[in-house]
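Enquirer: Mind looking over this structure? Questions follow.
The values are calculated or read from the model by the stated rules, or taken from the named source; none is laboratory data. The model shown is predicted, which means the values in this text are computed figures rather than measured ones. Neighbour counts run over all protein chains shown; Cβ positions are idealised from the backbone, glycine included.
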Amino acid sequence: MLRKLLKSLNMKKIFFIYLFVNAFMLTTFSQILVPKVKDDTTKQRVHNFFGFSLVPTLNGSLITFVIVRELRDGSKKITSISKDTFILQSMGMQVSKANPKKESFFKKYNITPATLGEIWKLRYSEQPYSQRKILGWANKESIPSNGQMLELNKFGIYNMFSYCYGENAFKLLQLIEDPSWVARYKGL
């Protein structure tokens with residue numbers, strides 16, 4: 001009788017352990033499912049923006065130009081584009097999801113396309129891979145100083161892999177054309 005009682009107690013322990021483990025596994029590794037509302041006509045919030053990163057590309061460019069697609073859930077999809085495509089699309093001369101109205105962002109922000117060739121100076125103290133010595137604005141060899149990074153944080157650049165996009169990108173391009181801002185950036 002004692003054996004049967006112990007055996008049944010062990011079975012109950014095993015059963016409760018089994019139940020606990022399964023409940024733990026279900027709650028830990030399950031996804032929260034949000035039911036779709038029938039006839040939901042809420043428009044998905046999807047935005048596309050022009051931007052860039054201070055990371056060199058495989059084709060030798062010191063800057064990566066991109067279109068950032070920002071979804072309603074906060075996630076982002078990054079599509080790399082060439083510098084020429086960036087210029088044509090942001091001038092409204094080529095169809096772009098980031099510029100459906102075909103406006104000229106260069107006119108809107110009063111900047112020139114040549115400014116895109118200066119972005120690398122934010123990261124490097126000297127242009128890499130160049131036969132000539134062309135100086136950049138960074139206080140370290142291939143990365144901005146801590147003070148310079150704090151300045152770049154204002155534009156969404158928190159590390160070398162961050163993307164500066166949207167209005168921040170064009171505001172930073174405006175500042176790159178401002179000699180007083182460049183002098184202040186060099187001194188950080």
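Enquirer: Taking the criterion of being touching a Lys or Arg at 6+ places or on another chain (Cβ under 7 Å) and not aromatic (Phe, Trp, Tyr), would at least one residue in region 117-135 satisfy it?
Expert: Step one: of region 117-135, the residues touching a Lys or Arg at 6+ places or on another chain (Cβ under 7 Å) are 125-126.
Of the ones still in play, those that are also not aromatic (Phe, Trp, Tyr) are 125-126.
Yes, region 117-135 has at least one match.
Enquirer: Mind listing whichever residues of region 119-161 are exposed (fewer than 14 other Cβ atoms within 10 Å of the Cβ) and either touching a helix residue (DSSP H, G or I) at 6+ places or on another chain (Cβ under 6 Å) or closer than 22 Å to LYS171 by Cα (or both)?
Expert: Correct list: ASN146, GLY147, LEU150, ASN153, LYS154, TYR158, ASN159, PHE161.
Enquirer: Further, regarding this structure: Taking the stated definitions as given, is PHE161 of a type in the set (A, V, I, L, M, F, W, C) and closer than 18 Å to ILE176 by Cβ? Even if it seems obvious, please write down each step before you answer.
Expert: Numbers: of a type in the set (A, V, I, L, M, F, W, C): yes; closer than 18 Å to ILE176 by Cβ: no.
Spelling it out, it is not the case that PHE161 is of a type in the set (A, V, I, L, M, F, W, C) and closer than 18 Å to ILE176 by Cβ.
Enquirer: Would you confirm, using the coordinates I've provided, whether LYS171 is at pLDDT 95 or above and closer than 13 Å to PHE52 by Cα? It would help to see each step written out before you state the result.
Expert: Details: at pLDDT 95 or above: yes; closer than 13 Å to PHE52 by Cα: yes.
Against the criterion (at pLDDT 95 or above and closer than 13 Å to PHE52 by Cα), LYS171 qualifies.
Enquirer: Might you let me know whether region 128-142 holds any residue that is more than 18 Å from LEU188 (Cβ to Cβ) and touching a residue at least 12 places away in the same chain (Cβ under 8 Å)?
Expert: Start the filter on region 128-142 by keeping residues that are more than 18 Å from LEU188 (Cβ to Cβ), which leaves 128-134.
Applying the additional criterion that residues be touching a residue at least 12 places away in the same chain (Cβ under 8 Å) yields 128-129.
For region 128-142, residues more than 18 Å from LEU188 (Cβ to Cβ) and touching a residue at least 12 places away in the same chain (Cβ under 8 Å): present.
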